[in-house]
1. Can you give me the span-like helices of the chain, meaning DSSP H runs with 24 Å or more of Cα extent along the axis and Kyte-Doolittle mean at or above 0.5?
2. Which residue, Ile234, Ala306, Ser271, has the largest displacement toward the positive end of the dipole of the chain when charges sit on each Cβ (Lys, Arg +1; Asp, Glu -1)?
3. With n ≥ 4 as the cut-off for DSSP H runs, can you work out [θ] at 222 nm for the chain, using -39500 (n - 2.57) per run divided by the number of residues, rounded to the nearest 500?
4. Which value in Å is the Kirkwood Rh of region 127-292 over different Cα pairs?
5. Looking only at region 222-241, which residues have a backbone nitrogen under 11 Å from a spot 7 Å from the Cα of Phe295 in the C-beta direction?
6. To check you understand DSSP bridge types, tell me what percent of the beta bridges within the chain (both residues inside) are antiparallel, rounded to 5.
7. Could you check the spin-label model distance between Arg230 and Ser205? Points 7 Å from the Cα along Cα→Cβ, value in nm.
8. State the Kirkwood hydrodynamic radius of region 88-222 in Å, one decimal place, computed from all pairs of distinct Cα atoms.
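Bear in mind that the values in this text are calculations on the coordinates, not laboratory data. It should be emphasised that the depicted structure is a prediction, and the values quoted were computed from it without experimental measurement. Cβ placement follows ideal geometry from the backbone for every residue including glycine, while neighbour counts extend to all protein chains displayed.
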Amino acid sequence: MRVLGIETSCDESSAAIVDDARHVRALATVSQVALHVPTGGVVPELAAREHVGALPAVVAEALRRADCDWSGIDRIAVTAGPGLIGSLLVGVSFARGLAEITGIPLAGVHHVHGHIAANWIGREPPRLPAMVLTVSGGHNDLVYLRGPADLEVIGVSLDDAAGEAFDKVARLLGLPYPGGPAIDRLAKEGDPHAVAFPRAWLGDSLDFSFSGLKSAVRREVGDAPPEGRRLADIAASFNEAVVDVLATKAVEACRRTGARSLHLAGGVSASIPLRERCRELAAAEGIEVLWPTEFVYCTDNAAMVAAAGSFLPTLSDWRTLEADPSLSLAHALHA
Ligand code: KG4
Ligand code: ZN
């Protein structure tokens, strides 16, 4: 099945042509990161306006690179939520228009289902059931996966997502947006045990909480961003605290459910320390750990949306598909 994927839920205008959720024929993405650097985060109105300007060209570019016309597309998959409402509306409206004009079936995809499906790209279909840790700027979930479109959320963040914590702490430390890569780079030069930051284990729960950790960094930093060695030590210790909690809970979730494989997904799955810690803890249990085959499939991209769209058993009506900024996974999969 050949799917055109469209993703505009945050600050990436992206389109892709993907065959059988595995072979990426083309991926074209225009990132707005540079636009949002001065504010240290995404400005919703600016993001939506940028999508309006970029999306048509991005879709045309994906078709051109795949050397493909509309007659070769079996399905159009678009992120319907969650995300920024203005940004989502641009993608959904555009996809609805394309579906009407071309007569190609339309699938509304949940953004996190997209991140989960990213682990199908470029490899043999993973063995299931599996546990997925989806960690990005907007999401921090543990999802038990019985089939590629049969999932159950068993852990969520009660406050900030890990990526959001990276971004907010980076701002406290005077580092640029997005915070994850900046902290990751700096952490390599610091001592991860220099500052004993708290870990919110939340008893036996598989839920997460990162707001206490963020406040602890704020207290540690005080009034002025630290510099040099101390800055690196704080970054490394914060990084270590996040990785420790994410990896420990993810492997514990595998143990409890009997999942023999752990998938990492979302922007934070680009973190090498997170990957290594998960592998280390999982190895002792005989659990395999995998993450997207390329960095671009960790962060927001339309190839993952196309992959998820090809798994959906239920299609959407181009007349009624709505952008939903707080779409739930269960609703998206059973609608
Ligand atoms: O999946 P994504 O592109 O967008 C959302 O759906 O939110 O994830 C972006 C998030 C940002 O918060 C960014 O700081 C984080 O992923 N991130 C990282 C790394 N690379 C990106 N966090 C930790 N370590 C990294 N290497
Ligand atoms: Zn995302």
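1. TM-like helix candidates: 85-102.
2. Ser271
3. Values: 11 runs with 140 residues, N = 335.
For the chain, the value works out to -13000 deg cm²/dmol.
4. Averaging 1/r across every pair of different Cα atoms and inverting gives 15.9 Å.
5. The answer is none, because no backbone nitrogen lies closer than 11 Å to the label point.
6. Roughly 60 percent of the beta bridges in the chain run antiparallel, per DSSP.
7. 3.4
8. Value: 17.7 Å, from the Cα pair sum.
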